[in-house]
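**Student:** Structure in structure tokens, see below.
The values are calculated or read from the model by the stated rules, or taken from the named source; none is laboratory data. Remember, it's a predicted structure, so these values are computed and weren't measured experimentally. Note that we place each Cβ from the backbone using ideal geometry, even for glycine, and neighbour counts take in every protein chain shown.
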């Protein structure tokens, strides 16, 4: 209540005129309702009603009335690109992320933020907090109609007067103005591909920041007449765009993943957490890689994992454990490399936490690290090392998640069933299309 009063005072002092109420659908697509600041106090106390029947994965028509209530701590001025500023009278627009409720006052089970909130509350009862540090990859293209590259640069390349680099740097400056701390940013391996890495923080805050960052990236790109895409694999023969999720558990202010006495500086908790990810990754991949196009990225040879293994230096592994830096116990973490930049961060964070934490609860053992290049191992070698593979297509991932009690428990029955329903429709639409590849390959001679 104190935070709400503080925010209302700030709104009055900063001449805020409009308020954007943000939430996402089950696919992670941002939705918003705009209200005048005169309605904000009512929004905090009573909520703002909306029809959920037209939002993907939300309510059916006969139960469509839903209520948005802004979370006061997510207050943020939308001033990074000038498009939300009224320069004539100096008024501003701000945004809040919202929780979604039913008319009876219950949390709405289709609310993705609520899924993550529920997952975090579960581990809080055992004294844990969950920290996330995402590495977001994406492409700048010439326009939104056809993928077309702006440059032919590669990893860490510096290109004087390059438009993509200038737009990326302006994006970082915008992040600084709104309190999103960027650790590093650089050109990625593929032409026109870039990466922005955020400083780790608590998982809910990071999910909100990631949704915000993607909007900032797109808006500043549009301001310069180009298009930013988070499509996992827009270019054949090039690397796709991942969302590498660095994660760690803290307990009583200490990093629960760190053990000074272990040769790898990994605690038993960290090892069981990784083992949980390994055991359940086939069941949760549909959430981490939710599009047909996602599986064009998860193939050997393009720095995206296709096999279930871990290592310290091995970037072909599913999980990488960054090298320990003396005196940096708080930075000990694991990096899950399979998710892509098109996933829903609330669901991705929640379900990866559920898998890892289940490994702790089941006291699972971690297999030995693999530091070889798995992409170039023979099938017999992988079998000898007991290296399994990730699902190779969306339909394989759907079939795996359908049988998963862990996924249903983590997502809740509503999102679990709606998500699978949506993905089956997507697969059917894809598999019935005749592609350019088929026309080029078969038409001339069949």
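**Student:** Picking from 111, 143, which residue would you name as being surrounded by fewer than 21 Cβ atoms within 10 Å (Cβ to Cβ) and more than 23 Å from residue 181 (Cα to Cα)?
**Tutor:** 143
**Student:** Filter region 254-271 down to the residues that are part of a helix (DSSP H, G or I) and without any contact (Cβ under 8 Å) to a residue 12 or more places away in the chain and list them by number.
**Tutor:** Selection gives 268 alone.
**Student:** May I ask you to verify whether residue 277 is assigned by TED's automatic domain parsing to the domain that holds residue 354, part of a strand (DSSP E or B) and either touching a helix residue (DSSP H, G or I) at 6+ places or on another chain (Cβ under 9 Å) or on the phi > 0 side of the Ramachandran plot (or both)?
**Tutor:** Against the criterion (assigned by TED's automatic domain parsing to the domain that holds residue 354, part of a strand (DSSP E or B) and either touching a helix residue (DSSP H, G or I) at 6+ places or on another chain (Cβ under 9 Å) or on the phi > 0 side of the Ramachandran plot (or both)), residue 277 does not qualify.
**Student:** Sticking with this structure for a sec: Among the listed residues 146, 125, which satisfies the condition of being without any contact (Cβ under 8 Å) to a residue 24 or more places away in the chain, under 30 Å from residue 408 (Cβ atoms) and out of contact with any helix residue (DSSP H, G or I) (no Cβ under 8 Å at 6 or more places or on another chain)?
**Tutor:** None of the other options fit; the residue is 125.
**Student:** Here's another thing I want to ask about it. Scan region 368-400 for residues that are out of contact with any strand residue (DSSP E or B) (no Cβ under 7 Å at 6 or more places or on another chain), at pLDDT below 90 and more than 12 Å from residue 300 (Cβ to Cβ) and jot them down.
**Tutor:** Across region 368-400, the qualifying residues are 368, 372, 378, 380, 381, 383, 384, 385, 386.
**Student:** Of all residues in region 213-230, which are over 20 Å from the mean Cα position of the chain (by Cα) and assigned to a loop (DSSP other than H, G, I, E, B)?
**Tutor:** The answer is 224, 225, 226.
**Student:** Would you pick out the residues in region 173-197 that are assigned to a helix (DSSP H, G or I) and crowded, with 16+ Cβ neighbours inside 10 Å?
**Tutor:** If the condition is that a residue be assigned to a helix (DSSP H, G or I) and crowded, with 16+ Cβ neighbours inside 10 Å, then 174, 175 are the ones that fit.
**Student:** Name the residue, out of 299, 292, that is at pLDDT 90 or above and assigned to a loop (DSSP other than H, G, I, E, B).
**Tutor:** Answer to the check: 292.
**Student:** Give the residues of region 202-226 that are modelled with pLDDT of 95 or more, surrounded by fewer than 18 Cβ atoms within 10 Å (Cβ to Cβ) and over 20 Å from residue 94 (Cα atoms), sorted by residue number.
**Tutor:** 202
**Student:** Within region 31-54, is even one residue at pLDDT below 75, within 16 Å of residue 98 (Cα to Cα) and either in a helix (DSSP H, G or I) or not assigned by TED's automatic domain parsing to the domain that holds residue 211 (or both)?
**Tutor:** Yes - at least one qualifying residue is present in region 31-54.
**Student:** While we're here: Determine whether residue 135 is under 17 Å from residue 194 (Cα atoms) and out of contact with any helix residue (DSSP H, G or I) (no Cβ under 9 Å at 6 or more places or on another chain).
**Tutor:** yes
Rundown of residues vs (1) modelled with pLDDT under 90; (2) more than 18 Å from residue 32 (Cβ to Cβ), yes/no style:
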position	(1), (2)
86	yes, no
96	no, no
100	no, no
112	no, no
120	no, yes
125	no, yes
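**Student:** Hey, can you tell me all the residues within region 121-140 that are surrounded by 18 or more Cβ atoms within 10 Å (Cβ to Cβ) and either part of a strand (DSSP E or B) or not assigned by TED's automatic domain parsing to the domain that holds residue 217 (or both)?
**Tutor:** Residues satisfying the conditions are 128, 130, 131, 132, 133, 134, 135, 136, 137, 138, 139, 140.
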